[in-house]
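Visitor: The structure's right below; bear with me while I get my questions together.
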Amino acid sequence: MIKTALKAGAAALTAAALLAAPALSAPVQAATVDATSQMPAGDDVYRDWYTSHSNCVTAGQGGIDRGHWDHYTCSEGDWLWHLWTNR
C-alpha cells in the first residue's frame, strides 16, 4: 500500500514538473525600439544599480545637473536598473 502511494506520488510530481517546465521553442526576439533605447553606447561608463527606474532617472538627471556627464541611460536588468553615463 505504501509503495503504491509513493509510486503514485512520484509519478504525480514528475507530471507536475513536466507541465511546469517551459516549452522549448525558438528564441523570442524583443522589440527593437524598446531594447535599443535602453542599451548603453559602447563607450559609456557603468555607474551604479538601482531598484527602481525612477531612482535611476533621478540619479542620472542629478549628474547632468551637476555637470558630471552629458547624457545617461537606465538599462533594465533582471531585477535592477543600471545607470550608464557618457563619462
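The values are calculated or read from the model by the stated rules, or taken from the named source; none is laboratory data. The shown structure was predicted, so the numbers you read here are calculated from the model rather than taken from an experiment. Glycine gets a Cβ as well: all are built from the backbone with ideal geometry, and neighbour counts include every protein chain shown.
Visitor: Within the stretch 35-87, can you find the residues that are in contact (Cβ under 8 Å) with a residue 12 or more places away in the chain, surrounded by 11 or more Cβ atoms within 10 Å (Cβ to Cβ) and among the polar types (S, T, N, Q)?
Guide: Residues satisfying the conditions are Gln38, Ser52, Asn55, Thr73, Ser75, Thr85, Asn86.
Visitor: Those residues that are modelled with pLDDT under 95 and basic (Lys, Arg), I need them from the stretch 48-87; list them, please.
Guide: Matches in the stretch 48-87: Arg87 only.
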